Every structure is written in structure tokens, then in C-alpha cells.
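The structure appears below as C-alpha cells.
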Amino acid sequence: MKPLALYGGSPRAEPDLLSPAGEGNVAPEGTDTVPEFGRETYREVQPPSRRGLPADLPDRLVTLDRVGETLAAAHRAHHDVVLLLIGIDDYSTGSGRLRRSDADALGLQLEDRLLGAAVGAGSVARVSAHSYAVMVAGVAATSAARRCANRVLNVLSRPFYLGNAAVHVSAAIGASTFPRDATRPDELLRRAEQALSAARRAGPNAFRSVQTRTRNGTDAQTLLRAGLRSAIARNELELHYQAKFDLADGRITGAEALLRWRHPELGLVEPARFIPLAEADGCIVPIGEWVLRAACEQVRRWRDRGLEMQVGVNVSARQFREPDLAQRILDILHAHRVDPAWIELELTESAVMDDADGVVAALERLKASGVRLAIDDFGTGYASLSYLTRLPVHVVKIDQSFVRGLANRSDNGAIVLAIVRLARNLGMDVIAEGVETGRDLAALRAWGCDRAQGYFFGKPVRAEEFATRFGI
């Protein structure tokens, strides 16, 4: 077999990327960075207290100033910025209206949840008494912002407790993107407010982004919906690959296959924009099968050249609702003469929780057939650490929100170390996603993490560029 590329024993120069967002971005020392808006920064501003809400967060004027700084840094780095505007619409209790003291306490709990949901994705600020903004910047800001929005809606959907009383909050989120939707801070915020209004019309806990239009006036969302089912037939889908490295010896051990859609009018579309649509109308099933077939074809080509490459393929929660999923996967592997051990199927915690017994049964059959199994984005869904003991998986992938800035965050470090130790005790390998700096890589290696991937090693690229970059 041919030797695979190494990343080397010493960290390479860190990529010239912006602040935390997307699939991994960090600015090296000496460059402009987007300000971090942690709790200490909030308290430096100290805006006047507002009825029923904490006074820790910057208000609208300060927020606009911070947005301006973020946009300026993004412009220099040629990156996008997504502004998520979170509107707190209503709350309900069993006894009616809250007292002012209870409203203050509720506001503090709400703020803490927002800060937690935005960790590793962006910075939080208050726009008004009932709305907050999260700014997500980077080369993959769109997908990072969508994941952050999902986390926000998830944490706000759970009840808040004031003593023994449960309080339920409803919210909606609108999103606008720099420079696509606007280039000035006030205009970007105004477009986000328009998207928030659309989300509120859609109902509680909805998310909407600004509807961009093409030259003929058709909005992008309509184009995506119309083209999804025919994207495979028109050969518009493609896979990009991101390398996974062994932290013990620096070898490439495999790659993750990541779906992209090269739309004839919209250009290269990130999966965060079309996968939710595909899941909603069911065409995620044929798209998922296409991804697996394409990945198998590439694995077969690499193996025929003597390259021992194992490829990770994402499987959606919707695919696991198919009763014969395990058999269909095995049939595809057999048709492409791919050993099951060459494929590592990645599924999220939410995919398991939707139908735990059915999913576990499918996983057990796949594992018995030799397919490698991984839990993706671990720590961001519904499962607890102890839930890992029920899952017949080989690998735990730590979500990038815990890995990014790991060397500087003791709280994230404690979470990562706990996941690594538990996975070790269960005989599972651990992969860290979103590695961006040499310091984070060193911490992961010291804590016993097995493998890693992220922008520190390189962004996802097509198979041809992947082979050229790593000399394989």
C-alpha cells in the first residue's frame, strides 16, 4: 500500500481565517479579529436597566457598532457574516402574568441559555427588550448559523423554572447575510428584522432567512425546492472530502464525504440551505443513497490505487425511518465491491433519539456486517454521556463548538476530557471536529483523542484536489 500523507509532528502555520464560525475559522496572532462578547464584555457596556430583562447585554446602538466592526473584519478577510435576530415572542405560566422580580429572573435564565447555545458559533448581543442578535462570521457562516439557530430554538423550547412554576417561552429567528443581503450594519439588521417577521408569521419556534432573488425575480428558496428532485439526474450534486488525521503518528486515516450542490443559478450551495428542505419533502432518501454510492465509487478508486482510505458518510434522521435502510446500505456496498469496514456511517444524536429502538436495531445489523459507525456532533443533541452505553458505535465525534478555542476555555476542556474518557472506557475511538489551531491540537493529543479533522489541516475539497493536496 502507498504511504499516506502526514501533517507532521509540529503544527503547521495556522490558516488565515476569521473568528469562530462554520466549519472552523480562527485568526492567527497579529491579525484583526472579531471581538468576543463574553459575559465580561457585556458588563463593560452596562446599558440602562430595562423592565423585566437583565442589563448585562449591549443595546441596539452598541450592537450596531459591534456589527460594524464584525463586517469590517469580514470584508478584509473576504468572509460572510450571518446575523441571527432572535425574537422572544411570548411566555405562559399556569398563573398568568409574571411579577417583575420573576421576569428579571427569567431574563437571566434566558440569557444564559442563549450564551450557551452560541458558544463556539458567534457572539451575542441584545437589540431590544425582547430581541437578541448572534453574529456568526467565517467561510462557512451559513451552515454554522443554521446549526446555532437550531440550538437556540431547542434550548428555548424547554421550560424555564421559577421556583416550582414552569414557564414556557416561544421564539422565532430571522437571519440576514453580509454581503449578500446588505453591506451596512443598519441595513443588515433591518433585513434580519424582515426575516424575523416572516418567521413569526410561520408560527412559534420558526426560522426564516432573507429571501434572495435571482435575475428573473425568483426567490432562492423556491429555486432550491423546485430543483431538489432533479438535482441528481442533472448531475449537480458533488462530494467534497475533508481529511481525518491520526493524532499519534500524523497519518491520514480517512476522510469525511461532505455534500455540495452546484446549482446552475445559485452557484455552490451549502448543505445547510437545502438539506432541511430535502428532509421535509422526503427526497433526502434518494439524495442520501446518491451520496453513499458516490462515496463508494471514490473509495473503490482509491483502493484500486493502493490507498487505504476509509470514508465517512452522513446518514440523516429521515433515512433511518426507512425500514429496510440497513439492507439498502449493504446492497450498495456490495454493488461497488466495497468492504463494509471501508465506510464509516455518521449519524447525529437526534437521529437516534427519534426512534431509539429501531435505529439501534439497524445499527446493530450494520455493525455485525462490518460497517463502521460514528455518532456525529456529539454533545449538541439530546443524548447524555451515559446514553453512549446503549449505542453500538465505534466512534464518537466531538462537535466543533466544544473543540474551537479549546486551549483557552476550561469549561469546554472539561466537556471534551469527559467525552474522551467515557469513550475510552467504552472502547470507542474519538474524533475531534473543527480543529483550527496548533494549541487546540496539542491539547487534544495530550488528552488521548485518537483522530482529528478541521481547517488546521485543510478545508473540504473535491477528490481530485484532495489527492493533489495530500500527495496520495
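The values are calculated or read from the model by the stated rules, or taken from the named source; none is laboratory data. None of these values were measured; they are calculated from a predicted model. With ideal geometry, Cβ positions are generated from the backbone for all residues, glycine too; neighbour counts draw on all protein chains shown. These area figures cover heavy atoms from the full protein model, side chains too; ligands, DNA and RNA do not enter into them. Shrake-Rupley method; radii C 1.70, N 1.55, O 1.52, S 1.80 Å.
So what's the gap between the Cα centers of the range 449-471 and the range 393-432, to the nearest angstrom?
21
Mind listing the phi-derived Karplus ³J(HN,Hα) values for the range 423-428, rounded to whole Hz, using 6.51, -1.76 and 1.60 with θ = phi - 60°, and x for any glycine or proline?
Couplings: 4, 4, 5, 8, x, 9 Hz.
Go through 439-446, 146-153 and give me the packing order, highest mean Cβ count within 10 Å leading.
On the way: 439-446: 19.2, 146-153: 22.4.
The densest-packed peptide leads the list: 146-153, 439-446.
By the scheme Lys and Arg +1, Asp and Glu -1, what is the net charge of all other residues having a beta-carbon under 10 Å from that of Arg260?
Numbers: positive: Arg262, Arg462; negative: Glu236, Glu238, Glu270.
Counting the neighbours of Arg260, the net charge comes to -1.
Multiplying the sequence separation of Ile232 and Arg293 by 0.36 nm and subtracting their Cα-Cα distance, what value in nm do you get? All intermediate terms of the calculation are to be shown ahead of the outcome.
On the way: separation 61, 0.36 × 61 = 21.96 nm, distance 1.19 nm.
20.8 nm is the gain from fully extending Ile232 to Arg293.
Could you run the Karplus curve 6.51 cos²θ - 1.76 cosθ + 1.60 with θ = phi - 60° over the range 461-470 and give me ³J(HN,Hα) per residue in whole Hz, x for Gly and Pro?
Once θ is set to phi - 60°, the couplings for the range 461-470 become 9, 5, 4, 5, 5, 4, 5, 5, 4, 9 Hz.
For the range 93-209, what proportion of DSSP beta bridges, expressed in % and rounded to the nearest 5, is antiparallel?
On the way: 8 of 11 bridges.
Of the beta bridges lying entirely in the range 93-209, close to 75 percent run antiparallel.
Would you tell me the accessible area of Ile343, worked out with a 1.4 angstrom probe on the heavy atoms of the protein chains, in Å² to the nearest 10?
0
Put +1 on the Cβ of every Lys and Arg and -1 on every Asp and Glu Cβ in the range 390-472; which of Asn425, Ala467, Leu441 then has its Cα farthest towards the positive end of the dipole?
Among Asn425, Ala467, Leu441, the one farthest towards the positive end of the dipole of the range 390-472 is Asn425.
Keeping all protein chains in place and using 1.4 angstrom, which order do His336, His263 fall into by accessible surface area, from largest down?
Values: His336 35, His263 15 Å².
Correct descending sequence by accessible area is His336, His263.
Just to verify a number: what accessible area does Thr468 come out at with the full protein assembly present, 1.4 Å probe, Å² rounded to tens?
110
Cα centroid distance between the range 139-156 and the range 215-294, in Å?
18
At 0.36 nm per residue, and after removing the present C-alpha to C-alpha distance, how many nm does the segment from Ala165 to Glu364 gain when stretched out fully? Before the final figure, lay out the partial values.
Working: separation 199, 0.36 × 199 = 71.64 nm, distance 4.20 nm.
Net length gain for the segment: 67.4 nm.
Skip the ligands, DNA and RNA, and give the accessible area per residue of the range 331-472 with a 1.4 Å probe, whole Å². Don't skip to the end; give the middle numbers.
Values: 5570 Å² over 142 residues.
Ligands and nucleic acids excluded, the result is 39 Å² per residue.
Be a star and scan the range 268-301 for residues whose amide nitrogen sits under 19 Å from the point 7 Å along the Cα-to-Cβ vector of His334.
From the range 268-301, the list is 289-290, 292-294, 296-297, 300.
Please list the radius of gyration and Dmax for the range 96-192, considering alpha-carbon atoms only, with Å as the unit.
Cα-based Rg and Dmax for the range 96-192 come out at 14.9, 47 Å.
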